[in-house]
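Take a look at the structure below.
The values are calculated or read from the model by the stated rules, or taken from the named source; none is laboratory data. Bear in mind that the values here come from a model prediction, so they are computed numbers and not experimental data. With ideal geometry, Cβ positions are generated from the backbone for all residues, glycine too; neighbour counts draw on all protein chains shown. Note: accessible area is taken over every heavy atom of the protein model, side chains too, but ligands, DNA and RNA are not part of it. Shrake-Rupley method; radii C 1.70, N 1.55, O 1.52, S 1.80 Å.
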Amino acid sequence: MKRRILLFVGTAIVFHFVLVSCCSPHEIMASSKYAAELVETARKLAAPGKGLLAADESTGTIGKRFQGIHVENTEPNRAQYRELLFSAEGLGEFISGAILFEETLFQKGPSGATMVEMLRKQGIIPGIKVDKGTVPILGTDNETATQGLDGLGARCAEYYKQGARFAKWRAVLKIGPHEPSELAIAENAHGLARYASICQENGLVPIVEPEVLMDGSHDIETCGAATEKVLAGVYKALADHQVLLEGTLLKPNMITPGADSKQKFTPNDVAKLTLRTLLRRVPPAVPGIMFLSGGQAEEEASLNLVALNKLPDHRPWSLSFSYGRALQQSCLKTWLGKAENVPKAQEALLARAKANHLAQLGKYEGGLPTLDLSKGALFEKGYVY
């Protein structure tokens, strides 16, 4: 009798293990009312020839940008600038989604229209930055973890009601003698996975952004090795948290030497090592990889992107852009806070958006005039949003 009971219990345990093991994240998430919508939104964001406009600068960060053009950092000025961006006629031909700061998602422009209405009019999907910045990890050499999980579910539900359909959370890792550490990778991977899971529960496509900073004098191979380690940790955590990869996007750094490195490199060097890194670590279920510019100059970011899309190697995902400074810098310097400069500023924005549209298609030939011609012109050490 004891043998029969033990046999039954053992069989039940094995059956339970097999049942859990056989349930893929897609099968588990399929019961969610948002599963089909998440997949569809992610595909739209990664559409051919389109990318993301990162306009999610915090109030403090946009203040630094305004300071450079001698514009006061007030809510009306911020609204005026963001209306300039989102009302640029034809922007939706090149931009599939715009990442917003919380203020912007609920903001109206001088015209009286909401920012969400302006974006929807152009067929651009509104998104929202949901993290609350970084804090130091005790026991490390100034490595950081991203905060913002507390109350995230309620905030995501509110953002969805307001019209947002995707979200962004930035994790920051650095390269040093012993960095990124295993602790920093594990902590940031866990945060990204929890964030992604909570977003999907509330109808938002999560952009997973594990940025390995350009800070330092390391060579391009060191950047590649560090990024591989980070991506391995991130996708392990996403699998553990049963995140539906088909309803996500990845926003990584390109593989480049450190900002203080003297190593010479070409866009083709960047493209080859970036693609090699991604092929080794990013699952094919992910629909799109939207690169951050990470301090690259406007033209530099476009040339690196077109080099990636000209490579003959097969890749299972779309390779596109999610640029902030590398889309806005010439626009901002043309605007200078003056109403009479708005048309010219919008032309500058559209020109850079079109350049990256062509780069995503592998057709950009370079040479577009820009107010940031030098390599790394937009680099800021220890950059924070």
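Quick look at the values:
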item	result
First in region 324-339 and of a type in the set (S, T, Y), second anywhere and modelled with pLDDT under 95, Cβ under 9 Å, 6 or more apart	S330/P369; S330/T370; S330/L371; S330/D372; T334/L371
Hits in region 337-349 (condition: within 26 Å of the chain's Cα centre (by Cα) and open to solvent by 40 Å² or more (accessible area, probe 1.4 Å))	E347
Enumeration of residues in region 57-74 that are among the charged types (D, E, K, R), open to solvent by 30 Å² or more (accessible area, probe 1.4 Å) and under 25 Å from the mean Cα position of the chain (by Cα)	K64, R65
Top-ranked residue of region 271-325 - restricted to ones that are over 19 Å from V212 (Cα atoms) and small (G, A, S), ranked as surrounded by the fewest Cβ atoms within 10 Å (Cβ to Cβ)	A285
Close pairs (9 angstrom Cβ cut-off, 6 or more residues apart or separate chains): open to solvent by 40 Å² or more (accessible area, probe 1.4 Å) in region 211-227, assigned to a helix (DSSP H, G or I) and among the hydrophobic types (A, V, I, L, M, F, W, C) anywhere	E221/L273
Test: residue in region 329-336 that is over 21 Å from the mean Cα position of the chain (by Cα) and outside any helix (DSSP H, G or I)	yes
Enumeration of residues in region 224-263 that are in contact with a Pro (Cβ under 9 Å, 6 or more places away or on another chain), assigned to a loop (DSSP other than H, G, I, E, B) and of a type outside the set (V, I, T)	H241, Q242, L244, K251, P252, N253, Q263
Matching entry among G123, G148, G191 (being on the phi > 0 side of the Ramachandran plot and touching a Ser or Thr at 6+ places or on another chain (Cβ under 9 Å))	G123
Looking only at region 44-56, and only at residues there that are in contact with a strand residue (DSSP E or B) (Cβ under 6 Å, 6 or more places away or on another chain) and assigned to a loop (DSSP other than H, G, I, E, B), the one that is surrounded by the most Cβ atoms within 10 Å (Cβ to Cβ)	K50
Flag for L149 being farther than 26 Å from L336 by Cα, at pLDDT 95 or above and open to solvent by 30 Å² or more (accessible area, probe 1.4 Å)	yes
Condition check for A35: at pLDDT below 50, more than 29 Å from T334 (Cβ to Cβ) and surrounded by 10 or more Cβ atoms within 10 Å (Cβ to Cβ)	no
Single match in S96, S111 (criterion: outside any loop (DSSP other than H, G, I, E, B) and among the polar types (S, T, N, Q))	S96
Residue count, region 123-142 (criterion: of a type in the set (D, E, K, R), open to solvent by 20 Å² or more (accessible area, probe 1.4 Å) and in contact (Cβ under 8 Å) with a residue 60 or more places away in the chain)	1
Enumeration of residues in region 257-306 that are modelled with pLDDT under 95, under 18 Å from the mean Cα position of the chain (by Cα) and of a type in the set (A, V, I, L, M)	A297
In region 163-196, residue surrounded by the most Cβ atoms within 10 Å (Cβ to Cβ) [restricted to those that are over 16 Å from the mean Cα position of the chain (by Cα) and among the small types (G, A, S)]	A184
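Conditions tested, residue by residue: (1) within 30 Å of L358 (Cβ to Cβ); (2) among the charged types (D, E, K, R).
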{"residue": "Q67", "(1), (2)": "no, no"}
{"residue": "E72", "(1), (2)": "no, yes"}
{"residue": "P76", "(1), (2)": "no, no"}
{"residue": "S87", "(1), (2)": "yes, no"}
{"residue": "L91", "(1), (2)": "yes, no"}
{"residue": "I95", "(1), (2)": "yes, no"}
{"residue": "L105", "(1), (2)": "yes, no"}
